[in-house]
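Worksheet for the structure shown next.
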Amino acid sequence: MLGACKQKETTGHKPIADVIPVRVMQLQQNGVSHIMNVSGAFTTDDEVFLSFKTGGLIDRILVKDGDAVRAGQLMATLKLTEIDAQVQQATLGYEKAQRDYARADRLYADSVATLEQLQNAKTAMDVAAQQLEAAKFNRSYSEIRAPKDGYVLHKMVNEGQLVGPGVPVFQTNGARSGNWLLRVGLSDRQWAAIKEGDKAVITTDNSDKTGFSGTVVRRSQGTDPATGSLTADIKPDGGVPAGIASGMFGKAAIAVTIPHQGNSGSLWSVPYDALLDADGSTGYVFVVNDNNTVTKMKITIQGMEKNNVLVSDGLQTAKAIVISGSAYLTDSSKISIIQ
């Protein structure tokens, strides 16, 4: 440049540089690598409301909000006076049915009772046995045990409270098993762009700025009834840092590839600095194929991003594009590439 300035001062003519230094960017023709910023809340995808099978008065509450629980750990029990009485009644009924059947069997052997009477006694005994099994089943579900390792998210009742069958008593999750997911909301266009296996960087207010990596593991196949939006689940790679709680807000930057369904089959994302003489959907760029000269190419502009232009046509045969130094170039100019 200094040499060119001196030449202009002495001769008064416009200089023509023999070799012009430029910066270039290699082109990828598989689509646009695009960062999609989304947000959502952390969940374990296995949150569950625990309740009693039968109703009654709560006798004991053995855990509280935030407690860690192990699979099978006893969490709450009902007062069992009424339930134990039902089991005892069913037991007595079954024992009586057994005696009646044994008596009918002996009488039938002596030709005193009929076959119908024997069969009726056998049916009564079988019914009593099933009633006893049902009573024992209800007795076993008159206590609440943790279904898996996790945490108590919410305790909804207290000791002495009367609850009905199926009324939620606890909400738990399996966070101790490392099943964390970031469930993010998506627009229709975002949902169509992301794919299972896309990589993401997850950040939270209490994590460092670099965040931690994750992978899209699932896309919803229907809208959320509450929000009307589509969702996707991002699973952290290698677990999450300490300090993550269910429902906590998180952000994710997902790297997606946006295909172009046109004649060229691809989109290219190029910096604004590479674009020359743009007019509506057309423009010009300088491309490089041999590392020595440039060619001025007409392109079709598909759209705009924050820092880039999306090109749908004109770069099919190009290997690289000039992104710095274009103002000094003409078609077939000699160049040297600045690394």
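The values are calculated or read from the model by the stated rules, or taken from the named source; none is laboratory data. This is a predicted model, so every value here is computed, not measured. Virtual Cβ from ideal backbone geometry, glycine too; neighbours counted across all protein chains shown.
Per the listing 243, 222, the residue uniquely in a loop (DSSP other than H, G, I, E, B) and modelled with pLDDT of 80 or more is 222. Residues in the stretch 48-99 that are among the charged types (D, E, K, R) and in contact with a Phe, Trp or Tyr (Cβ under 6 Å, 6 or more places away or on another chain): 53 only.
Exactly one residue out of 100, 105, 59 is surrounded by fewer than 18 Cβ atoms within 10 Å (Cβ to Cβ) and not in a helix (DSSP H, G or I), and it is 59. Among the residues of the stretch 98-155, the ones that are more than 30 Å from residue 44 (Cα to Cα), basic (Lys, Arg) and out of contact with any helix residue (DSSP H, G or I) (no Cβ under 8 Å at 6 or more places or on another chain) come to 2 in all. Taken together, 45, 65, 84 contain a single residue that is farther than 27 Å from residue 161 by Cα, at pLDDT below 95 and outside any strand (DSSP E or B), which is 45.
Scanning the stretch 280-295 turns up no residue that is over 12 Å from residue 24 (Cα atoms), assigned to a strand (DSSP E or B) and among the aliphatic types (A, V, I, L, M). Filtered by the rule that a residue be surrounded by 12 or more Cβ atoms within 10 Å (Cβ to Cβ) and at pLDDT 85 or above, the stretch 4-36 gives 20, 21, 22, 23, 24, 25. Residues in the stretch 288-314 that are within 15 Å of residue 22 (Cβ to Cβ) and in contact (Cβ under 8 Å) with a residue 40 or more places away in the chain were compared, and the one that is surrounded by the most Cβ atoms within 10 Å (Cβ to Cβ) is 294.
Going through (1) within 20 Å of residue 48 (Cβ to Cβ); (2) assigned to a loop (DSSP other than H, G, I, E, B) one by one, residue 152 falls short only on (2).
Residue count for the stretch 119-149 satisfying the condition of being assigned to a strand (DSSP E or B) and surrounded by fewer than 18 Cβ atoms within 10 Å (Cβ to Cβ): 2. Residues in the stretch 108-118 that are in a helix (DSSP H, G or I) and of a type outside the set (Asp, Glu): 108, 109, 115, 117, 118.
Quick one: in the stretch 154-183, of everything that is buried (at least 20 other Cβ atoms within 10 Å of the Cβ) and closer than 23 Å to residue 204 by Cα, which residue is farthest from the chain's Cα centre (by Cα)? Taking the candidates together, the pick is 172. Scanning the stretch 315-327 for residues that are loosely packed, with under 14 Cβ neighbours inside 10 Å and in contact (Cβ under 8 Å) with a residue 60 or more places away in the chain turns up just one, 316.
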